Every structure is written in structure tokens, then in C-alpha cells.
Amino acid sequence: MEGEKIRILLIEDNPGDARLINELLAAKGSTSFVLEHADRLSPGLARLAQGGIDVILLDLSLPDSQGLDGLNKISVQTPNVPVVVLSGLSDEAVAVNAVQEGAQDYLVKGNIDSALLVRSLRYAMERQHLRVAWQESEARYRLLADNVVDVIWTANMKWQITYVSPSIKRLLGYTVEEMKRLAIKDFLTPDSFDQAVKLIRNQMDIITPELQYPSLSLTVEYVRKDGSKLWAEVTLSFLWDKDGKLSEVLGVTRDITERKKAEEALRESEEELQAIFDSSGNGIALFDLDGRLIRVNKRVLAVGGYEMEEISGKTFDLLKMFTPESIEKMYSIKDMILSGKEVGAFECEVHTKSGKKMSLEVNAGPFLMKGQLFGFVAVMRDITERKRMEEELIRLSDAFMMSTDSIVITDLEGRITEVNEASLKMHGTQDKRALIGKDAFAIIAPEDREMALANLSKIIEAKSLVDQEYHILTNDGRKILVESSASVIRGKDGKPVGFVGVTRDITQRKRAEEALRQSEERYRELFENANDIIYTHDLSGNFTSINKAGERVTGYRREEVLGINIS
């Protein structure tokens with residue numbers, strides 16, 4: 001790329017080899033290389049500690065380091081800087097070991113030319129960039145998995161746990177380390193274990209990498225560390241290796257103990273059923289085998305605004321509360337229950353009697369009376385606000401990225417944690433890493449930093465501060481004048497957790513304002529000091545102004561002619 005500069009650190013004790021590398025890079029074409037040279041590992045490590053190096057060329061034979069020792073030390077100190085190994089030996093075993101220890105390439109000094117060297121350096125940087133991006137992505141997904149309420153886990157084909165999220169402690173009382181030492185049969189009741197094994201084996205007999213079936217869902221009873229039991233819904237997916245063999249099972253476990261308790265209580269008696277219905281904070285509805293509504297609890301009536309006689313005995317398609325899509329979904333759920341299939345949680349939309357739209361999360365299951373399937377029960381939770389917040393987050397995220405103003409988010413210490421595209425453009429960079437983690441006050445010009453620090457406490461006290469003008473220093477060396485407003489970001493407890501600033505470049509606007517001011521002053525000077533009579537009037541012919549020459553000739557003072565019609 002035109003103008004691209006790649007800073008290379010060559011760690012090489014042979015002056016002749018160093019000159020050769022320099023000459024090979026000199027024939028680089030359009031790419032500009034900046035080559036720095038260290039003749040020992042120790043000064044090389046010292047230079048790396050200063051930062052700013054894009055790629056390393058490392059000789060494996062140095063006075064203070066032999067073999068892969070130097071590579072290992074560099075990998076520990078600067079793991080994100082790619083290393084290309086140089087060697088005088090064409091040894092495949094050494095080359096393989098070097099790559100395994102973290103080198104991006106292995107070059108034999110006598111076998112390289114300019115094109116090969118440049119290509120190797122470029123590929124090394126690209127591969128390292130992909131590796132770092134992959135590690136960041138993996139860390140992000142691991143963070144998500146570690147913080148969900150449900151338990152996420154994986155097991156090998158011997159049913160040994162290979163990963164489990166920390167939420168297992170809340171669910172079963174075991175630590176992550178304890179779970180990895182247990183077999184699955186150790187924390188399932190015997191009946192649930194036998195049922196799970198049978199269902200999983202049946203699924204494994206019919207699936208192939210080319211013909212994969214939907215995730216397997218089953219309900220099992222767990223045994224906690226303290227011996228108590230709970231019911232959970234487990235969703236299983238099968239993972240395949242590159243050779244087309246089953247390699248792992250991915251599972252998501254959700255505690256449905258409360259749902260099971262409700263279902264068991266419904267079997268006890270009509271009186272207990274009504275008590276559970278009316279005491280639940282969620283909406284509960286009971287349907288017969290034809291899908292006719294038999295009963296709902298007070299929560300459904302209160303939220304929906306209906307009377308029981310308005311909805312009792314009606315099927316899904318006759319209940320005005322259901323949307324067409326929800327009607328189709330409810331009939332599908334009914335058919336699944338009648339065929340003995342497990343039904344997981346699903347979402348649907350309904351309308352209250354007043355016409356308000358609501359989003360519900362529904363858990364449905366069979367309803368038995370004296371051991372016979374009588375119908376099914378649906379436990380409904382209002383997730384309207386959650387859905388609204390999800391949509392709002394998407395909208396805010398889009399607005400954040402598409403805003404033409406620069407938006408910067410910082411923590412309480414002023415370190416930048418997120419920026420939008422407009423901010424990158426303002427600062428003259430395309431890489432977020434040039435700003436993320438940087439002290440926001442370091443971006444402000446020195447003469448304005450004291451004012452910015454003084455405004456920090458005002459922002460916390462007033463929750464926001466608008467239209468402050470600062471000079472900022474951009475990544476590409478410019479100094480621009482900006483207009484900035486800032487607000488406090490507060491956590492759920494109301495305490496400040498960071499700041500968000502919205503900034504726009506007003507350099508050109510200020511220049512235009514100054515030019516206009518100077519122009520107006522010049523016009524006023526010419527108007528007042530002209531020897532000729534100069535006057536202005538409005539569209540009706542009424543005088544609005546007259547200069548000094550006009551006052552002298554007419555004998556009228558300026559205020560006397562204002563409003564007089566020219567006719």
C-alpha cells in the first residue's frame with residue numbers, strides 16, 4: 001500500500017547478513033520498510049519493550065542465545081508481534097519446532113531473495129493479526145458463556161465434561177474443577193440417566209455430518225452436591241471433527257424446577273391447581289386436548305383485561321388475544337405435546353383487550369389427571385420490556401455507529417473503551433486500536449487540559465455538560481477545535497461507571513464566523529466613512545439606516561430618519 005510503513009527489528013550478529021537483509025528490503029517496490037538492527041538478543045528485547053515494532057527477523061544463532069531460546073523469550077515478552085526466523089541451516093525439524101514455538105515463518109539465509117523476504121514478512125503480519133483477532137473473539141465468547149444464567153457445557157464422546165460455565169455452582173453446587181472430575185451419571189438420577197442415554201443413542205444412530213437433525217431437547221432430574229434434586233431442561237447439539245466423526249456434545253442446561261413443581265401441583269387437585277394459578281407471578285393457562293381454553297389464573301385476566309367468561313371454552317383461533325402467527329405456533333405446540341414430544345420455551349405475541357401488544361415467553365407441558373393426558377398447561381412470562389430493550393439496544397448501536405458526530409465512551413479513569421466510525425475519521429485513523437485504551441485527556445491539547453479536568457467534576461454533579469470547546473490532537477498530527485458535550489454513564493445502582501462524549505469539529509465553522517465578523521466590521525467602516533450618502537430601507541420604503549455623510553447633508557440625525565418613508 002502507498003505510504004505504508006512497516007517497522008522491522010532485525011536481531012542478527014553477522015554484519016554481512018544484516019547488510020544483505022537491508023539490501024533485499026531496499027528492492028521493496030512501493031512498500032516502505034523501516035529496518036532497525038540489534039546484534040544481540042538482550043538489546044533486541046530492550047528495543048521490543050519500547051513498542052512500535054511490526055515484525056521481527058530473528059537469527060537463531062546469537063552470542064547470547066542459541067536455538068529456540070531467543071524465540072521463546074521474545075514470545076513471552078511480545079506475544080502479539082510476529083516473528084520470522086532466520087537460519088543458516090536448512091533443517092526441516094528445526095523449522096517445524098520453530099513454527100510450533102510461535103514463529104510465523106522459517107527462512108534459510110542463502111535461499112531468500114527480495115520477493116520471498118517481503119512476502120514472508122507480509123504473511124507473518126497477516127497471520128499474526130488473524131491469530132490475535134481469533135484469540136480476542138474466543139475470549140469474548142468465553143466471557144459470554146461464563147456469565148449466562150443457564151449452564152453451558154461440552155463433553156467428549158466418553159461423556160467426560162471438557163468445559164462447563166461457572167453458573168454450574170449456582171445450579172448444582174459443584175465448582176468447575178469438581179465437575180470436570182465427575183462422570184455424567186454422577187449427577188443424574190438413575191432414571192434420568194437411562195432415559196438420556198437411550199434418547200442420545202437413538203439420535204446418534206440417525207445423524208450424519210451431511211444430514212443433521214435439530215438439537216435434541218430432554219428433561220432430566222439432577223442431583224445437587226448436597227443431595228437435593230432439581231429438574232432441568234437440557235438442549236444437546238452434536239459437534240463433528242474435520243474427518244466427519246462425532247467429537248463433542250454441546251449442552252445447555254436450564255433449571256425448570258419451578259415449572260415442574262407447578263405441573264406436579266396441578267396433578268394433586270383442583271383446589272391446589274387454582275391456588276398455584278392465582279399465586280404465580282407469571283400467567284398460567286390450561287387448555288384441553290382440542291386446544292380450548294379451560295382456565296387461566298388471575299395474572300392473565302389482570303394483564304389481559306379480559307373476563308373469564310369472555311375467553312373460556314374458546315380455541316386459539318377464536319381468542320382475540322392471539323396474533324395469526326401465535327395461533328399457528330400454539331397449534332403446533334399442542335400437536336407436539338399430544339405426540340409425547342418435549343416442548344422447550346418459545347416466544348409469541350398477544351394483544352390485551354385494550355389493544356396493547358405484548359411479547360410472552362411461554363413454557364408448555366402436558367397436564368395429567370389420574371395418570372391420563374387431559375390437556376396441556378402454558379406458563380407465560382411477560383418479556384415485553386426485555387424485547388423493547390433489545391430493540392432499543394440495536395437502535396442505539398446503529399445510531400452510535402452511524403452518527404456523523406464523534407462519540408467516545410470512557411471508564412471513570414478517562415480511558416477510552418469504545419469509539420464510533422466518525423471518531424476514527426476525526427482522529428485520522430481507521431484502526432480502533434489507535435484510540436481504545438488511550439487516556440482521553442491525552443488527546444486534548446495541553447492548553448485546554450486544565451479546563452477539561454475542571455469540567456469533569458461538573459459533569460458528575462450535573463450529570464451532563466454541553467457545548468464545551470477544546471482543541472484536540474489527532475492521530476495524524478492535526479490540531480483541531482471541537483465542540484463537545486458529555487454525560488455520565490451510571491450503573492444499575494446509580495453510581496457513575498464511565499462517561500460518553502459527543503464531539504464535532506468546529507474548526508471550519510469558527511474560521512467562517514471570524515471571516516464574517518471581519519467582513520461585517522469592514523462593511524460598517526466603509527458605510528460610516530463614505531463621502532457619498534448611503535442609506536438603506538426596507539421593502540416598504542421606510543429608512544432603516546443612514547451614514548454620517550447622509551446626516552451632514554440632510555441635517556437629520558440617524559434616529560430621526562428611521563421609519564420615514566422614502567417617498
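The values are calculated or read from the model by the stated rules, or taken from the named source; none is laboratory data. Just so it is clear, the structure is predicted and the values come from calculations on it, not from any experiment. Reconstructed Cβ throughout: ideal geometry from the backbone, glycine too, with neighbour counts over all protein chains shown. To get the accessible areas, we keep the full protein, side chains included, count just its heavy atoms, and leave off ligands, DNA and RNA. Shrake-Rupley method; radii C 1.70, N 1.55, O 1.52, S 1.80 Å.
Some observations on this one:
- Region 409-460: projected area of the alpha-carbon convex hull, averaged over directions, in nm²: 3.8 nm²
- Annotated for region 406-559: lysine pairs at least 8 residues apart or interchain, Cα distance under 29 Å, count 26.
- A viscosity of 0.890 mPa s and a temperature of 25 °C, combined with the Kirkwood radius over Cα pairs in Stokes-Einstein, give a translational diffusion coefficient for region 158-225 of 182 µm²/s.
- Charge tally in the Cβ shell below 11 Å around Ala124, where Lys, Arg are +1 and Asp, Glu are -1, Ala124 excluded: +1
- Mean ellipticity per residue at 222 nm, deg cm²/dmol - from DSSP H runs of n ≥ 4 across the chain, formula -39500 (n - 2.57): -12500 deg cm²/dmol
- Between Ser280, Leu453, Ser484, the Cα set farthest toward the positive side of the dipole of the chain (charges on each charged residue's Cβ, about the Cα centre) is that of Ser280.
- If you wrap the tightest convex hull around every Cα atom of the chain and split its volume per residue, you get 323 Å³.
- Mean Cα-pair separation over length for region 1-100, i.e. relative contact order, pairs under 8 Å, 6 or more apart, %: 29 percent
- Using a probe of 1.4 Å on the protein chains alone, the accessible area found for Leu60 is around 20 Å².
- Spatially proximal lysines relative to Lys198 (Cα-Cα < 17 Å; intrachain offsets below 8 disregarded): Lys158, Lys185, Lys341
- Of Leu116, Ala364, Gly414, farthest towards positive along the dipole that unit charges on Lys, Arg, Asp, Glu beta carbons give the chain: Ala364
- Carbon-plus-sulfur accessible fraction, region 486-567 (probe radius 1.4 Å, protein heavy atoms only): 52%.
- The alpha-carbon of Lys261 sits under 17 angstrom from the alpha-carbons of these aspartates and glutamates, leaving out residues fewer than 8 places away in its chain: Glu221, Glu233, Glu270, Glu271, Glu272, Asp278, Glu342.
- Accessible area per residue for region 489-567 is 74 Å², calculated with a 1.4 Å probe on protein heavy atoms, without ligands, DNA or RNA.
- Other residues lying with their Cβ under 13 Å from the Cβ of Ser312 contribute a combined charge of -1, Lys and Arg counting +1, Asp and Glu -1.
- Radius of gyration and Dmax over the Cα atoms of region 1-122, both given in Å: 13.3, 38
- With the gyration tensor restricted to C-alpha atoms of region 412-532, the semi-axes of the equivalent ellipsoid amount to 37, 19, 11 Å, longest first.
- Euclidean distance of C-alpha centroids, region 189-204 and region 494-554, integer Å: 85 Å
- The alpha-carbon atoms of region 428-484, seen along their principal axes, cover 34, 21, 17 angstrom, with the largest extent given first.
- Mean separation of Cα contacts under 8 Å, 6 or more apart, over the residue count of the chain: relative contact order %: 5 percent
- Charge dipole (debye, nearest 20) of the chain; +1 at Cβ of Lys and Arg, -1 at Cβ of Asp and Glu: 600 debye
- For region 484-567: relative contact order, % (alpha-carbon pairs under 8 angstrom, 6 or more apart): 18 percent
- With a 1.4 Å probe rolled over the protein heavy atoms of all chains, the accessible area of Ser32, Ser279 falls in the order Ser279, Ser32, largest first.
- Once the 1.4 Å probe is applied to the protein heavy atoms, region 309-391 comes out at 57 Å² accessible per residue.
- For region 1-124, accessible area per residue (1.4 Å probe, heavy atoms of protein chains only), Å²: 48 Å²
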